[in-house]
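Structure, as structure tokens:
The values are calculated or read from the model by the stated rules, or taken from the named source; none is laboratory data. Predicted model only: the values in this text are computed from it and were never measured. Note that each Cβ is placed from the backbone with ideal geometry, even for glycine, and that neighbours are counted across all protein chains shown.
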Amino acid sequence: MTTYFITGGAGFIGSTLSEKLLKKEYKVIVIDNFCDFYNPKIKENNIKDLEKHENFKIYRADIRDRQAIKKIFDENKIDIVMHLAAMAGVRPSIENPILYQEVNCMGTQNILEEMKSHGVKNLVMASSSSVYGNCKEVPFKENMIVDFAISPYAATKKANEVMTHVYHKLFDINVMMLRFFTVYGPKQRPDLAINKFTRLMLNNEEIPMFGDGTTSRDYTYIDDIVDGIIKSCNYCIENKNVYEIINLGNSSPISLKEMINKIGQALRYRT
């Protein structure tokens, strides 16, 4: 039975991925620190049913804790790591850049070191479309130069892409770096726009809109993201000498105004 180790496994993407893997009868090991970036009860609710499954195991620990990471690798025979744990968000990273460096970079280094020490050869990791910064050329392509980050969050994601390549070259670790484009769907984090705007509309509250609403971005549904992660895992397991960066999303940007209108239409249809 293949054993998957998911960091940040109680979060939006991690818990959805865990559920899908358990249905496929794989073994799933999760680490999450249940930090207060948003209400930890949301994460507890995400995994309450998963914890009943015999093939699910959770460690309540922080990826910055090297000994905690070592313990997980010591106690389990891991086939592939899906590294989703990170401090997220562009604006909060500007306010607290040191925390983002510690979690996103040093935490990742801990994972890589234990993979090296325990001979685990497959890694699928969440990067971000934020690495493209103010690139003018669209659609974004994986081979574009992304050396000019405009937020600490983006800089940590770019740094992780570089560091995982080092471990790929030196220690033969297969790596798939997946650049996510604003993931949405059931369990989405409460601080993200679709979740936040939906709650405000349901409560008949005013929606804060910065600018004139013409700014746009790409959104990717959670089921598509999970499908892409699982296929990336399979690709890693079935091949050798893998290092790839993939945009896991589509170049179909939606304006802020259009996104708000779509939410309103969906809520009217529902009622």
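Just give me the residues in the range 16-36 being on the phi < 0 side of the Ramachandran plot and touching a Pro at 6+ places or on another chain (Cβ under 8 Å), in sequence order.
16
What's the number of the only condition in (1) in a helix (DSSP H, G or I); (2) under 25 Å from residue 171 (Cα atoms) that residue 227 fails to meet?
That leaves (2) as the condition not met.
For the range 190-205, which positions are charged (D, E, K, R) and at pLDDT 85 or above?
Across the range 190-205, the qualifying residues are 196, 199, 205.
List every residue pair whose Cβ atoms lie under 6 Å apart, where the two residues are 6 or more positions apart in sequence or sit on different chains, the first residue falls within the range 250-261 and is polar (S, T, N, Q), and the second residue, located anywhere, is modelled with pLDDT of 85 or more.
Sorted first by the residue in the range 250-261, then by its partner, the pairs are 251/139.
Take the residues in the range 219-244 that are under 14 Å from the mean Cα position of the chain (by Cα) and among the β-branched types (Val, Ile, Thr), then tell me which one is surrounded by the most Cβ atoms within 10 Å (Cβ to Cβ).
Here the residue is 229.
Taking the condition of being crowded, with 17+ Cβ neighbours inside 10 Å, β-branched (Val, Ile, Thr) and either in contact with a Lys or Arg (Cβ under 9 Å, 6 or more places away or on another chain) or farther than 9 Å from residue 63 by Cβ (or both), how many residues in the range 80-109 meet it?
Residues meeting the conditions: 3.
How many residues does the range 152-176 hold that are of a type outside the set (Lys, Arg), closer than 20 Å to residue 228 by Cα and not in a loop (DSSP other than H, G, I, E, B)? Walk me through it before giving the result.
Quick first cut of the range 152-176, residues of a type outside the set (Lys, Arg) only: 152-156, 159-168, 170-176.
After this cut, where a residue has to be closer than 20 Å to residue 228 by Cα as well, the list is 160-161, 164, 173-176.
Then drop every residue that is not not in a loop (DSSP other than H, G, I, E, B), which leaves 160-161, 164, 174-176.
Of the residues in that region, 6 qualify.
Tell me which residues, restricted to the range 205-239, are of a type in the set (A, V, I, L, M) and within 21 Å of residue 24 (Cα to Cα).
222, 225, 226, 229, 230, 237
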